[in-house]
Amino acid sequence: MSLELRRVSLRVGAETHIHPVDLVCEPGSFNVLLGTTLAGKTTLMKLMAGLERPTSGEVHFGGRDVTGVSVRNRNVSMVYQQFINYPNMTVYENIASPLKVARMADDEIKRRVGTFAELLRLTPMLDRRPSELSGGQQQRTAMARALVKDADLVLLDEPLANLDFKLREELRDELPRLFADRDCIVVYATTEPVEALLFGGHTACLYEGRVVQFGPTGEVYRSPADLTSAQVFSDPPINTAQVTKAGGDFHLVDGGRFPVPARHAGLADGAYTLGVRPHHVSPAPKGTQPVAVEGTVLVTELSGSESIIHFTFHERTWVSQAHGIHPFEVGTRQRLYADMSKALVFDETGRRL
Amino acid sequence: MNKTHDNRAWFFVLPVVALVAFNAVIPLMTVVNYSVQETFGDNVFFWAGVTWFEQVLQSERFHNALGRQLIFTFTILAIEIPLGVAIALAMPRKGPWVPVCLVLMALPLLIPWNVVGAMWNIFALPDIGLLGRSLNALGFDYNFTRQPGDAWFTLILMDVWHWTSLVVLLAYAGLVSIPDAYYQAAKIDGASPFAIFRYIQLPKMKRVLTIAVLLRFMDSFMIYTELSVLTGGGPGNSTTLLSIDLVKIALGQFDLGPAAAMSLIYFLIILLLSWVFYTLMMRNEQQ
């Protein structure tokens, strides 16, 4: 079954929480909602689930209009950022709860709870209460509860955000496996671009209640529709620079210039914004068209094998994400190189060209 | 390492020691003093040993007062706790009505206790009180100053009116601390309103309800002001609870020895029952 949002919007009072959105999630697909806090990810999920009724537009599920249908009458499950379990039930009872409500036979409940407890490595904890579990185990219990009932739509609202690094990595690896042989639609909200890239599937970039772009994850990442989409889907943030095209050259504000990359040769003269991803900026010339960018170092983050260097470039903060250790001292002036052949070019309205 | 031993730091706690001694230890010791001695005034004391304790524990009067006290306390707990939870559940959780409801709920708690007693006394008078006259007009033979049953009814009604708010406010605090996500998750599971109450709201309110039960237990066990203004323990001895009885013995009959012994027994009963309550509820928690 597929999930289709047709011009769905949500207004509360005078405030627009979700601008009209069209979105189709294919059966069995993994969809990522990517956006910062307050971008509207949770609200969009609630609209999909039927926890909120859209102000306008229609929600179709499996070809049926379910716009006004209560969440109780839809086969939906959801996992939240907080670990939501029934506090005085054991792990077993928690996982079994949606099946009990559905009046399933006891031995069938037992079998399914067993399967999912095994899958989520909860079998030794079945008799414990949520308060006796670690955060990761609590969240795995919540996930087992969401998975056990064989929902048509599984909504995961930043389920890994409250976990520590190690557990997050673990669960992140497990997640795709859990859904591999199921034909439900999975919608996964996250603030982290790297999660979207890891899960693949489709990604919707959200910004201030708008879905700015929706498509296959790789495609959205490589060819963002506009500057906003590129900014949402980049971590560290994408670097931008104002340029003017005159003839065969891009002119930077301070007078620096470099030839327009071949694939943008057809652009008309005028003002543009360039977007350069941090991993295309490095301390040594790289790629086919390295252009020197000079600036004052603000912060240098060294992590094992990688350096993240923040510096000012034409009064904007730029970030370079480079292999190797480059212990640039804060406050010093440094020359780095941006591979302009990879630069994204946006027009004045922010649309990518 | 060269550790300096300097006990002068103890001087800093002396003011507190003095204060506690003055307002707690010395008065308590005075009571203990009275409880083991006999006096006829003029500061002349005779050693009495445990005579007063035996006398109090064996007296029918004390047994009756204690029995009435237990009935009263458990009756109001059985009414106020469920009623308080029910009202808290019915209160809005968001919106402009929240402060209105909270203020309305807090009002009875802000009224001085003797005023509560006086209000209810007048309210319930069968000849001029609104409640008393109305009940009589409806055909009930109601007179709380003459009929023990009516006195109990009025007393319990007054306590429920006065103190349910406390339970409401505590339960409400517990309720609003439950994240919305719990309700959504239950909705998605298809849980009934009763299941939501039983498996989400009640467990989440457990801690505040433990406190509510303890507070109401201790306070109701020591009820004096409102009761003494409302019925003064009457008619007869029918509403003479422990505190009223104690005052009658101590100040009415001036039997300081038995009164002191009774005070200590009274104090130990409250301490013991509170401890039992607390342990039971905490053990439940751990299971």
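The values are calculated or read from the model by the stated rules, or taken from the named source; none is laboratory data. Owing to the predicted nature of the structure, the values given are computational and were not obtained by experimental measurement. No Cβ is skipped: glycine too gets one built from the backbone with ideal geometry, and neighbour counts run over all protein chains shown.
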> Within the stretch B:182-196, can you find the residues that are within 7 Å of chain A (Cβ to nearest Cβ) and either in contact (Cβ under 8 Å) with a residue 40 or more places away in the chain or not in a helix (DSSP H, G or I) (or both)?
Replying inline: B:Gly190, B:Ala191
> Among the candidates B:Val160, B:Val116, which residue alone is within 17 Å of the chain's Cα centre (by Cα), β-branched (Val, Ile, Thr), surrounded by 15 or more Cβ atoms within 10 Å (Cβ to Cβ) and under 30 Å from B:Ser177 (Cα atoms)?
Replying inline: B:Val160
>> So A:Met89 passes all but one of these: (1) more than 9 Å from chain B (Cβ to nearest Cβ); (2) assigned to a loop (DSSP other than H, G, I, E, B). Which condition number does it fail?
In response: (1)
> For the subset of the stretch A:124-134 comprising residues that are within 14 Å of another protein chain (Cβ to nearest Cβ) and surrounded by 18 or more Cβ atoms within 10 Å (Cβ to Cβ), which member is farthest from A:Asp181 (Cα to Cα)?
Replying inline: A:Arg129
> touching a Gly at 6+ places or on another chain (Cβ under 9 Å), within 28 Å of B:Leu268 (Cβ to Cβ) and of a type in the set (A, V, I, L, M, F, W, C), is that true of B:Trp152?
Replying inline: no
>> Condition (residue is out of contact with any Gly (no Cβ under 9 Å at 6 or more places or on another chain), part of a helix (DSSP H, G or I), within 8 Å of another protein chain (Cβ to nearest Cβ) and under 23 Å from A:Ala102 (Cα atoms)) applied to the stretch A:45-64: is it met by at least one residue?
In response: yes
> Are there any helices (runs of 4 or more DSSP H) wholly within the stretch B:211-287 with 2 or more residues that are under 18 Å from B:Ser59 (Cα atoms), and if so which?
Replying inline: B:242-247, B:256-286
> In the stretch B:218-227, which residues are buried (at least 19 other Cβ atoms within 10 Å of the Cβ) and either hydroxyl-bearing (Ser, Thr, Tyr) or more than 18 Å from B:Leu246 (Cβ to Cβ) (or both)?
Replying inline: B:Ser220
>> Out of the residues in the stretch A:95-123 meeting the condition of being of a type in the set (Asp, Glu) and more than 24 Å from A:Ser134 (Cβ to Cβ), tell me which one is surrounded by the fewest Cβ atoms within 10 Å (Cβ to Cβ).
In response: A:Asp107
> If you scan the stretch A:72-81, which residues turn out to be facing chain B (nearest Cβ under 7 Å) and buried (at least 19 other Cβ atoms within 10 Å of the Cβ)?
Replying inline: A:Val76, A:Ser77, A:Met78, A:Tyr80
> Mind checking which residues of the stretch A:27-44 are of a type in the set (Ser, Thr, Tyr) and either within 14 Å of chain B (Cβ to nearest Cβ) or closer than 21 Å to A:Leu163 by Cβ (or both)?
Replying inline: A:Thr36, A:Thr37, A:Thr42, A:Thr43
> Do we have B:Lys204 as among the basic types (Lys, Arg) and under 28 Å from B:Phe74 (Cβ atoms) here?
Replying inline: yes
>> I need the full set of residues from the stretch A:212-223 which are within 14 Å of A:Ala343 (Cα to Cα) and modelled with pLDDT of 90 or more, in order please.
In response: A:Tyr221
> Can you name the strands (runs of 3 or more DSSP E) wholly within the stretch A:224-267 that have at least 1 residues being crowded, with 18+ Cβ neighbours inside 10 Å and of a type outside the set (A, V, I, L, M, F, W, C)?
Replying inline: A:239-246
> Among all residue pairs at least 6 apart or on different chains, which show Cβ distances below 9 Å where the first residue, located in the stretch A:97-117, is within 14 Å of chain B (Cβ to nearest Cβ) and outside any loop (DSSP other than H, G, I, E, B) and the second is acidic (Asp, Glu) and loosely packed, with under 13 Cβ neighbours inside 10 Å?
Replying inline: A:Leu99/A:Glu108
> Can you name every residue in the stretch B:126-156 that is surrounded by 17 or more Cβ atoms within 10 Å (Cβ to Cβ) and out of contact with any Ser or Thr (no Cβ under 7 Å at 6 or more places or on another chain)?
Replying inline: B:Pro126, B:Gly129, B:Leu131, B:Gly132, B:Leu135, B:Tyr142, B:Asn143, B:Thr145, B:Asp150, B:Thr154
> What residue, among those in the stretch B:32-65 that are farther than 17 Å from B:Leu242 by Cα and aliphatic (A, V, I, L, M), is surrounded by the fewest Cβ atoms within 10 Å (Cβ to Cβ)?
Replying inline: B:Val44
> Can you tell me which residues in the stretch A:20-44 are loosely packed, with under 15 Cβ neighbours inside 10 Å and in a strand (DSSP E or B)?
Replying inline: A:Asp22, A:Val24
